[in-house]
Amino acid sequence: MTTNETNEPTIGVILGSVRQGRFGEAVAHWVVDAGQAREGFSYQLLDLAEFNVPALTAAVTPGAANNQYEDPAVTAWSKAVDACDGFVFVTPEYNHSVPGAMKNAFDSLGPEWAGKPVAFVGYGADKAIRAVEHWRQIVANFSMFDVRNQVGFSIFSGEFDEAKAANAGALDRMLTDLEGALSARG
Ligand SMILES: Cc1cc2nc3c(=O)[nH]c(=O)nc-3n(C[C@H](O)[C@H](O)[C@H](O)COP(=O)(O)O)c2cc1C
């Protein structure tokens, strides 16, 4: 298990929208803040917009790249993901599925994901139910353990502060399950 300077396992909270003015920024910070208020695990934000992962064009497929990538942006992304023991994917739903930039960032790596636990916080008109279901199929390709409990926001549900309060219990349960899966993995 990877550990940081505090000797705690690291959970990366991936902010998957790279849009200007993205709603996801507030959601991801809420998750990171909740995680950092817990004990025993280090929650860190991985903001996809900061990595500028290019469209996957490399001839060598990520699964065969042995963590060696031509593009320095992909190398930086690889190191950040590799340093995490588990993840929370904060995902919007675009056109009834996962957002393209986030899927491309996922596709651009291979062993960095393998076997690690992942939980989902989705948001959209219908709480990104379809996007999260698609993510569950996608992460299965790397034998990731997907936590059943999930958190979903409707972007039309009014004030975000109220939505956060209403979802705090669900987030707590999901993070407990994620940490449990991570501990069981050893
Ligand atoms: C390209 C695109 C497609 C979208 N498709 C859906 C959709 O299928 N279902 C949904 O609930 N919301 C959809 N939305 C609305 C998004 O849920 C909403 O814009 C949300 O704020 C996007 O997250 P972001 O602001 O963090 O990028 C779509 C938005 C965009 C930009």
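Every number here is computed from the coordinates shown, using simple stated rules; none is lab data. Predicted, not measured: the structure shown is a model, and the values here were computed from it. Counting neighbours? That spans all protein chains shown, and the Cβs are built from the backbone with ideal geometry, glycine included.
Couple of notes before you dig in:
- Rounded if a/c under 1.5, otherwise prolate or oblate - the stretch 139-186, Cα gyration tensor axes: oblate
- Rounded to the nearest 500, the helix-only mean residue ellipticity at 222 nm of the chain stands at -12000 deg cm²/dmol, with each DSSP H run of n ≥ 4 adding -39,500 (n - 2.57).
- On the beta carbon distance between ALA140 and THR61, with R0 = 22 Å, the FRET formula returns roughly 0.75.
- Contact order relative to length of the chain, as percent, for alpha carbon pairs under 8 angstrom and 6 or more apart: 21
- Each residue of the stretch 17-22 was assigned a 3J(HN,Hα) from its phi angle through the Karplus curve 6.51 cos²θ - 1.76 cosθ + 1.60 (θ = phi - 60°); the sequence is 7, 10, 6, 5, x, 4 Hz, with glycine and proline shown as x.
- For the chain, DSSP calls about 10 percent of its internal beta bridges antiparallel.
- Whole-Hz ³J(HN,Hα) from phi, Karplus 6.51 cos²θ - 1.76 cosθ + 1.60, for the stretch 118-123, glycine and proline x: 9, 10, 10, 10, x, 8
- Per-residue Cβ neighbour rank within 10 angstrom, fewest leading, MET174, MET102: MET174, MET102
- Listed from fewest to most Cβ neighbours within 10 Å, the set SER183, SER108 follows the order SER183, SER108.
- Looking at the stretch 1-107, the GluC sites (Glu not before Pro) that sit in a DSSP loop and have at most 13 other Cβ atoms within 10 Å of their own Cβ are GLU5, GLU39, GLU70.
- Stretching the chain fully between ALA165 and ASN7 yields a gain of 53.8 nm (0.36 nm per residue, less the alpha carbon separation).
- Kyte-Doolittle mean at least -0.5 and Cα axial length at least 24 Å: DSSP H helices in the chain: 160-185
- Calculated from backbone phi, Karplus (6.51, -1.76, 1.60) coupling profile of the stretch 42-53 in Hz, x at Gly/Pro: 9, 9, 10, 7, 10, 8, 4, 4, 7, 9, 6, 5
- 27 Å Cα-Cα reach of LYS127 towards lysines, excluding residues that sit fewer than 8 places from it in its own chain: LYS103, LYS116, LYS164
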